[in-house]
Structures are given as C-alpha cells and as structure tokens.
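*Asks:* Please see the structure below; I have some questions.
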Amino acid sequence: MDNSKKRRRRLGYYGSVTERKPQGMGFTSWVDQQIADAERRGVFDDLPGAGKPLNLKPGGGDYGDAWVRDYARREGVQPDEFLPTPLRLRREIERLTEAVGGFRSEAEIREVAGDINRRIVEWRRIPVGPPVHVRLVNADDLVARWRAAQAARPQSARTEPPPQAPPGTGSRRPRWWRRRRPAS
C-alpha cells in the first residue's frame, strides 16, 4: 500500500462521506464515539506539540484573548496596532506631548503636529471605529512646552539645532515616531 493510501486510511478518509449520526443516538455520545474511533486508528498520534503542556497563564482570566497576545508577541506586532484609529491617535498625541523636549527644533515639532493633525482630519472625514472625539494638536502649545523644556535644560546639555534640510528632502521625525513597515 503506498504512502498516500495509508495516510488517507489513517485520517479516516475512505472515499465516501463521513457516516451520519444514527437516529437514536445523542449528538455528544456520537461525537465521543467518533473521537474514540479516531484514537483507535491512531489519527491523533504524532501530532505537533504532543506531550507538551498547554501554555495557559493562570491569573490572567481572559484566556480567549491570550492566543491573540501570544501571536502578536511572536510576530513582533506592537500592542498599539490593535487599537482603533481614534484611540491610537490619542495615544500618539500623549506620547508627543511627553517627548516634546527631545525635539531639535520648532520646525520639527510643527511638522510632526501637522502630520498628526492631517491624520486626525482624515479619520474625521470617514470615521472607522468607536465614535471617540480626537482633538487637533495645537502646535503653538507644543512649541511653548518645547521652549520651557529647553530653558530648563542646563546650558551644556543644549545643542544647536542642525541646519534644516531643504523642504521635501526627507523627514526629520524622531525614531519613535516612524511606523514599522511590514516585512515583504
């Protein structure tokens, strides 16, 4: 008997439709009988992960979402990618206000604020996700925070901003701001 016929027989495929449940038998007992028959045939032998414990984390309580978190961790997906668009935009605004002191120039702050505002306006045109209001970023407030942070830094820690690149020659966004591109 060749290998494919052995495999089909082992998997329970005999060239016909699976038998129907007998009329007098309950569904659960019929399913249990099908599982027992498959065990006798050896269908469940040599499955990947056989003999290994399940990776269930007690104490979490939400086992339904555990596989999603594990999959995202294995694939390197950031948790923010699961958020709806308005909440993701709000989180970006929060991070921007926290990191405003690390920018090199006012122009850079205004560019980043303009980019966020453009995406907020795009989302407002065709809102997808929960109806959460997302306010526009006030670039003047961010610049005022940046100036306060610059004044609070010691003189030796301040550096002159590098000369600005001509418009349209690339983005000067901080590293945390760049989106991760999917690998092809």
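Bear in mind these aren't lab numbers, they're just calculated from the coordinates by the rules spelled out. Treat the numbers as computed from the prediction; the structure is a model and nothing was measured. Positions of Cβ are backbone-derived with ideal geometry, glycine not excepted, and every protein chain shown enters the neighbour counts.
*Asks:* Once you keep just the Cα pairs under 8 angstrom separated by 6 or more residues, what percentage relative contact order results for region 79-161? Mind dumping the intermediate values first?
*Replies:* Working: 55 pairs, mean separation 33.8, N = 83.
For region 79-161, the relative contact order is 41 percent.
*Asks:* Which three semi-axes in whole Å describe the equivalent ellipsoid of region 79-161, each the square root of 5 times a Cα gyration tensor eigenvalue, listed largest first? If you can, show how the numbers build up before the last one.
*Replies:* Values: eigenvalues 170, 31, 18 Å².
So the equivalent ellipsoid measures 29, 12, 9 Å along its semi-axes.
*Asks:* Additional query: Can you tell me the mean projection area, over all orientations, of the convex hull of region 71-112's alpha carbons? Units nm², please.
*Replies:* Seen from a random direction, the Cα hull of region 71-112 projects 3.9 nm² on average.
*Asks:* Tabulate in residue order the Karplus-calculated ³J(HN,Hα) for region 31-47, using 6.51 cos²θ - 1.76 cosθ + 1.60 with θ = phi - 60°, rounded to whole Hz; enter x for Gly and Pro.
*Replies:* Couplings: 5, 4, 5, 4, 5, 4, 4, 5, 4, 5, 6, x, 5, 8, 6, 6, 7 Hz.
*Asks:* Suppose every Lys and Arg Cβ carries +1 and every Asp and Glu Cβ carries -1, with no other charges. What dipole size does region 77-158 come out with about its Cα centre, to the nearest 20 debye?
*Replies:* That gives region 77-158 a dipole magnitude of about 120 debye.
*Asks:* If each residue of separation counts as 0.36 nm, what is the full-extension length gain between Asp65 and Ala148 once their alpha-carbon separation is subtracted?
*Replies:* Contour length minus Cα-Cα distance gives 25.6 nm.
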